[in-house]
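Some notes on the structure that comes next.
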């Protein structure tokens with residue numbers, strides 16, 4: 001038996017892919033997370049109200065999603081309903097998270113694959129007609145920076161936010177700061193669209209070169225939803241297309257164990273989940289498969305173009321990346337809408353009384369539904385669970401890895417394209433290993 | 001052009017995300033190794049090696065020891081690499097016993113008995129604390145650390161006013177209650193430790209209304225002393241500015257498992273950290 005090991009780069013955290021081959025037959029294709037920090041153990045005994053400051057440190061890329069999920073879990077346990085201003089600022093936080101993350105994934109992680117280089121820093125092609133930047137590298141960093149600026153504005157600190165607290169937020173957003181942020185986003189929007197157009201073209205060229213969009217078998221799509229519009233401050237988890245049908249389940253975070261099977265793995269520090277034996281797919285493609293409109297003009301134009309070109313739902317793997325681009329544009333447009341409204345009035349929070357009990361917090365993180373589950377005793381965390389979006393995708397990643405392994409391994413040879421294909425498969429899911437293992 | 005590498009050990013990548021925000025380096029320095037951004041599998045010879053995260057697995061330790069041989073200068077970046085950071089909460093004996101017993105796996109790096117700061121394992125030339133350090137601090141570390149100017153403490157950068165007539169009688173806890181704009185958080189009864197936390201971050205948390213949790217570590221006045229001196233100085237500030245009973249402050253500072261100071265209590269391994277080496 002031959003074992004092929006592929007170290008991974010341009011993803012968040014430490015992971016590798018191991019493929020076992022016997023006489024040209026692919027025996028296994030595994031995705032191994034190789035780090036562990038043990039947050040579900042190390043937060044034990046921490047004062048419950050400090051969780052929103054502790055848990056962003058699970059991951060510096062997804063910190064905002066953890067920050068908001070922690071606050072929601074505590075509010076669920078304490079029976080608190082925050083005021084509208086707090087909800088609006090939390091939505092801004094999650095949009096900043098989406099913008100920062102999708103820009104990082106699209107440009108820092110996967111654009112180099114489209115351009116056949118080792119890093120974004122090598123994509124120094126000049127860009128015309130943009131005031132803010134003169135190269136693809138510069139423009140890409142510029143757009144993702146707007147995301148961290150938005151997190152900084154809505155969350156106080158720009159990587160590990162502090163402003164969302166139980167009962168609300170610590171402060172509003174001053175009118176001049178909101179206007180400056182809006183202007184920054186307004187400038188970033190055409191740059192983001194230009195980059196997405198470039199990316200779209202490069203993706204079509206890649207498809208042309210390799211002859212496939214990757215694993216296109218149906219899967220069970222999963223996203224947190226609320227109301228009619230896309231809403232990352234989700235109330236329920238929705239499963240779609242699991243056994244060929246449309247919506248197959250909608251459930252609250254606290255009921256996740258009755259719908260999802262969560263299993264540990266003995267070869268990875270990350271576990272995996274499934275839905276009644278079906279492979280789950282979360283993240284951008286799951287959402288774009290569910291949405292018919294986004295209600296912002298440029299993002300809707302891209303969404304319609306996407307559905308017209310590839311169908312709805314579509315299962316082709318590399319379309320995850322394009323779907324991320326649509327969301328990038330949506331995040332900018334939606335944040336601009338919100339920043340028009342006054343955000344500096346006084347009604348930032350409601351009083352509350354902490355109490356012991358159990359709470360669940362849900363948000364739609366860039367990678368899919370994120371659940372925090374806490375049990376509180378004597379004001380301290382007695383037990384904590386983090387249900388991570390990347391973990392929902394692990395079986396889908398391994399299925400797609402098997403597809404490329406079988407495509408590029410024959411009894412005669414291993415096509416060296418396999419190494420690049422493995423990278424493309426994993427990055428399409430944009431896994432976050434720090435989160436997955438926590 | 002100065003070449004640098006970024007080695008990420010067990011951490012959250014927040015330091016790397018902050019570095020990406022400091023886009024000026026793109027034109028001035030050449031990044032040759034940083035798995036988050038560049039596909040390259042080994043650290044080549046470099047002028048500067050930035051190390052983030054704690055030493056948590058045998059693989060972390062192996063990579064660290066291999067990488068430092070390639071570097072002229074080693075910079076420990078972020079709280080995890082310097083003083084343990086949040087991973088420190090996992091160094092409590094009861095917690096260690098829990099996850100070392102439950103998390104054995106095949107074919108993946110093994111966990112060390114505890115998380116270690118970088119300088120417990122290799123020599124460090126410069127410390128860049130913060131969770132994460134701001135882009136401005138990254139640029140200062142890469143260009144000319146000695147020339148970097150900042151206030152000595154977070155207090156000096158916060159901009160909130162201290163008010164003599166507001167003397168709270170009890171701690172409000174960690175973050176309860178509506179925060180008044182522009183007024184010192186200690187005057188409002190919050191357990192803020194910005195008075196002795198190292199400046200240079202520009203106080204984003206306290207400006208937004210959240211107490212400083214000390215992620216940059218002690219200021220120059222305390223960094224070469226034992227942690228008890230740091231705790232005593234915080235208590236002195238509360239005694240001077242509030243009517244909160246000293247016992248209450250003491251209890252809060254030593255709150256369950258020191259969670260508030262989750263950033264600062266790693267195994268210092270007997271190494272001293274002279275203030276000249278800390279940005």
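Laboratory data are not the source of any read-out in this text; all were calculated from the coordinates shown. Computed from a predicted model, the values in this text were never measured in an experiment. Ideal geometry is used to build each Cβ from the backbone, glycine not excepted, and the neighbour counts take in all protein chains shown.
Observations, loosely collected:
- Computed over chain A with a Gaussian network model linking Cα atoms closer than 10 Å, the most mobile of A:228, A:29, A:253 is A:228.
- Nearest 10 degrees, 0 to 90: helix B:93-102 Cα axis against chain B principal axis: 40
- Mean sequence separation of contacting Cα pairs (under 8 Å, at least six apart), scaled by the length of the stretch B:8-136, corresponds to a relative contact order of 33 percent.
- A straight line joining the Cα centroids of the stretch A:238-267 and the stretch A:144-185 runs 33 Å.
- Going from the residue with the fewest nearby Cβ atoms within 10 Å to the one with the most, B:25, A:291 rank B:25, A:291.
- Reported to the nearest whole Å, the Cα centre-to-centre distance from the stretch B:157-194 to the stretch B:85-147 is 31.
- Along its three principal directions, the equivalent ellipsoid of the stretch B:155-261 from the Cα gyration tensor extends over semi-axes of 19, 17, 13 Å, largest first.
- Computed as a quarter of the hull surface, the mean projected area of the alpha carbon convex hull for the stretch A:318-359 stands at 6.1 nm².
- For the peptide A:62-73, the mean number of other protein chain Cβ atoms found within 10 angstrom of a residue's Cβ is 1.
- Taking a ≥ b ≥ c as the square roots of the eigenvalues of the Cα gyration tensor, chain A is classed as oblate, since a/c reaches at least 1.5 and a/b does not exceed b/c.
- For residues of A:159-167, the mean tally of beta carbons on other chains within 10 Å: 6
- Counting Cβ atoms of other protein chains within 10 Å of each Cβ in B:24-36 and taking the mean gives 3.
- Antiparallel bridges, percent of DSSP beta bridges restricted to the protein assembly as shown (to nearest 5): 70
- Using alpha-carbon coordinates, inclination of helix B:58-68 to the longest axis of chain B, degrees: 80
- Residues considered: A:192, A:331, A:308. Largest GNM mean-square fluctuation over chain A, using C-alpha springs under 10 Å, is found at A:308.
- Antiparallel %, DSSP beta bridges [both residues in the stretch B:2-149], to 5: 15
- Relative contact order [Cα under 8 Å, 6+ residues apart], chain A, whole percent: 27
- Each eigenvalue of the Cα gyration tensor of the stretch A:249-384, multiplied by 5 and square-rooted, gives one semi-axis; in descending order these are 32, 27, 12 Å.
- Listed residues A:111, A:260, A:319, most fluctuating in chain A (Gaussian network, C-alpha, under 10 Å): A:260
- Two-decimal Rg/Rh across the stretch B:2-149, once Rg and the Kirkwood Rh are taken from alpha-carbon atoms: 0.98
- Neighbour counting of Cβ atoms within 10 Å sorts the residues A:420, A:413, fewest neighbours leading, into A:413, A:420.
- The length gained by stretching the chain between residue A:257 and residue A:128 to full extension, at 0.36 nm per residue less their Cα-Cα distance, is 41.3 nm.
- When the convex hull of its Cα atoms is projected in every direction, mean area for chain B (nm²): 15.5
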